[in-house]
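Please treat every number below as a calculation from the coordinates, not as lab data. Keep in mind the model is a prediction, meaning the values are calculated, not measured. Heads up, the Cβs are rebuilt from the backbone with ideal geometry, glycines too, and the neighbour counts pull from every protein chain shown.
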Amino acid sequence: PLKETLASALVMLSYYKAGKPMIDPFCGSGTIPIEAARIARNIAPGLKRDFSCQAWPQFSAELWQDTRATAEAAMLPPLEERIIGSDIDARVLRSARENAHRADVAEDIHFHAQPMSDVTSKRRFGCVITNPPYGLRIGSENDREQRELDIVYASMPDVLRKLPTWSHFILTAYPHFEQVVGRSADRRRK
């Protein structure tokens, strides 16, 4: 599973901004769309959490309340352009919706079941930000699973060609990804 901090970093490295279309075609439990919505709405990380330091004797509860109130006041209204999160597995989308609700961004994201091959948009510009499967499940050396992944990755160039003016940000360890999609990455991060 993708950690929230890595998903946030991926969104922040992208060109995504509130008001711009965004699609995650392999959204799984919704981590990338949720973090994108929280960033776009300026929702402070950990806003609802309690921290151990709050129990320290020298900790100023008043200062903490002021800081939290300032962060809440800086939050932006719900997004006018909803983020799209899709996945071929409708079961994981239930978790994605629950996660978005807990993160207070449920109204900012539209989740729906759809294979990657059906992804398209009429919008001229936008961002595809995703973390597709890449066959590194613990204990899995299944040939059938690898063939299925190869089919998914082989379909990606067709999908990305349908969105030629969009920015594509893809986090993967899939071997020879650039050869499969027929294009070199503009930027790489390790």
Note to self: Calculate log10 I(q)/I(0) of segment 137-190 for q = 0.17, 0.19, 0.24, 0.31 Å⁻¹, where I(q) comes from the Debye formula with a single equal point scatterer on each Cα and nothing for solvent.
What the structure shows: -0.63, -0.76, -1.06, -1.39
Checklist line | Computed [θ] at 222 nm, deg cm²/dmol, the chain (DSSP H ≥ 4; -39,500 (n - 2.57); rounded to nearest 500) | finding: -11500 deg cm²/dmol
Checklist line | Contact order relative to length of segment 1-141, as percent, for alpha carbon pairs under 8 angstrom and 6 or more apart | finding: 37
Next item on the list: Output the Cα-based Rg and Dmax of segment 26-132 in Å, rounding Rg to one decimal and Dmax to a whole number.
Entry: 17.1, 57
Checklist line | Nitroxide proxy distance, nm - points 7 Å out along Cα→Cβ at LYS122 and GLU81 | finding: 1.6
Next item on the list: Taking all pairs of distinct Cα atoms, average 1/r, flip it, and tell me the Kirkwood hydrodynamic radius of segment 90-159 in Å to one decimal place.
Entry: 14.7
Item checked: Kirkwood-Stokes translational diffusion coefficient of the chain, alpha-carbon pairs, 4 °C, 1.567 mPa s, µm²/s -> 72
Next item on the list: With springs connecting C-alpha atoms under 10 Å apart, model the chain as a Gaussian network and identify which of GLY19, GLY85, GLY28 has the largest mean-square fluctuation.
Entry: GLY19
